1. Can you tell which of Pro106, Pro93 is more than 17 Å from Val39 (Cβ to Cβ), part of a loop (DSSP other than H, G, I, E, B) and touching a Cys at 6+ places or on another chain (Cβ under 9 Å)?
2. Can you confirm whether Ser42 is open to solvent by less than 40 Å² (accessible area, probe 1.4 Å), touching a residue at least 40 places away in the same chain (Cβ under 8 Å) and either part of a helix (DSSP H, G or I) or in contact with an Asp or Glu (Cβ under 7 Å, 6 or more places away or on another chain) (or both)?
3. With (1) touching a helix residue (DSSP H, G or I) at 6+ places or on another chain (Cβ under 7 Å); (2) farther than 19 Å from Leu128 by Cα; (3) acidic (Asp, Glu) as the list, and Glu54 as the residue in question, which single condition is left unmet?
4. Report, by residue number, each residue of region 2-32 that is hydrophobic (A, V, I, L, M, F, W, C) and either on the phi > 0 side of the Ramachandran plot or not in a loop (DSSP other than H, G, I, E, B) (or both).
5. Can you tell me how many residues within region 124-168 are assigned to a helix (DSSP H, G or I) and of a type in the set (D, E, K, R)?
6. In this structure, is Asn75 surrounded by fewer than 18 Cβ atoms within 10 Å (Cβ to Cβ), closer than 28 Å to Glu22 by Cβ, touching a Pro at 6+ places or on another chain (Cβ under 8 Å) and in contact (Cβ under 8 Å) with a residue 12 or more places away in the chain?
7. Out of (1) in contact with a helix residue (DSSP H, G or I) (Cβ under 9 Å, 6 or more places away or on another chain); (2) surrounded by 14 or more Cβ atoms within 10 Å (Cβ to Cβ), the odd one out for Lys17 is which?
Amino acid sequence: LLSDDGSLNFDTIFQSKGEGGEAPPLHVEIGSGSGDWCVTQSKLNPNENYVSVELRADRVAQTFFKCITQNTWKNMCCVGSDCGSFLRDRVSPSQCRTIYVNHPEPPTQTYDSESSEEPAHMLNSVNLRLAANCLEGGGKGRLIIVTDNLIYARFLCRTMTRVMADGSLVGLHPSQVRDLRTVD
């Protein structure tokens, strides 16, 4: 199930091919909790592949149980891992069509803009760069973050803008990116 570089071999895991023999789109949900959203998506889209990534083992087990009982095991994979390790070590570059983060926990520490240290949380600048590296190129890949916490949403947009400022993330300056937006 692992490639020579240690990344997951999703062709072997899913053993499915789309039209024309290519692999179906790969969608990843980071911080999937008990897996309700990801299991539902895999059930609604049987011709696309889904990976649920969750740190807590009890939640991974809940997701796996739902996967088996709802018969979505053919197009869904459950992974127990932290976000950074998974994106860095288990996904090859440009492999994901979409990375979803649904209602992530905001950081519990405050952020001092004078300091270079970010508070410890899942969507820090390092993990945002790792996520961008895993997304398909050519405008196909999408990172979708959903939160109902306005303060956290603004914090994430500022972090993403800071990450994009040097142009190395997507090859564009933030002012050139049309679809980085906050929806209140």
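1. Working: Pro106 fails: touching a Cys at 6+ places or on another chain (Cβ under 9 Å).
Answer to the selection: Pro93.
2. Taking the combined requirement at face value, the residue does not satisfy it.
3. Condition not satisfied by Glu54: (2).
4. Of everything in region 2-32, those that are hydrophobic (A, V, I, L, M, F, W, C) and either on the phi > 0 side of the Ramachandran plot or not in a loop (DSSP other than H, G, I, E, B) (or both) turn out to be Leu2, Leu8, Phe10, Ile13, Phe14, Leu26, Val28, Ile30.
5. To start, the set of residues in region 124-168 that are assigned to a helix (DSSP H, G or I) comprises 125-134, 150-164.
Now narrow it down to the ones that are of a type in the set (D, E, K, R): 129, 154, 158, 162.
Result for region 124-168: 4.
6. no
7. (2)
Residue-by-condition table, conditions (1) out of contact with any Gly (no Cβ under 6 Å at 6 or more places or on another chain); (2) modelled with pLDDT of 95 or more; (3) open to solvent by 70 Å² or more (accessible area, probe 1.4 Å); (4) within 18 Å of Thr159 (Cβ to Cβ):
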| position | (1), (2), (3), (4) |
| --- | --- |
| Asn71 | yes, no, yes, no |
| Phe86 | yes, yes, no, no |
| Pro93 | yes, no, yes, no |
| Tyr100 | yes, yes, no, yes |
| Pro107 | yes, no, no, yes |
| Ser113 | yes, no, yes, yes |
| Glu118 | yes, no, no, yes |
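The values are calculated or read from the model by the stated rules, or taken from the named source; none is laboratory data. Bear in mind the structure is a predicted one, so any value in this text is a computation, not a measurement. Neighbour counts run over all protein chains shown; Cβ positions are idealised from the backbone, glycine included. What goes into the accessible areas is simple: the full protein's heavy atoms, side chains included, and nothing from ligands, DNA or RNA. Shrake-Rupley method; radii C 1.70, N 1.55, O 1.52, S 1.80 Å.
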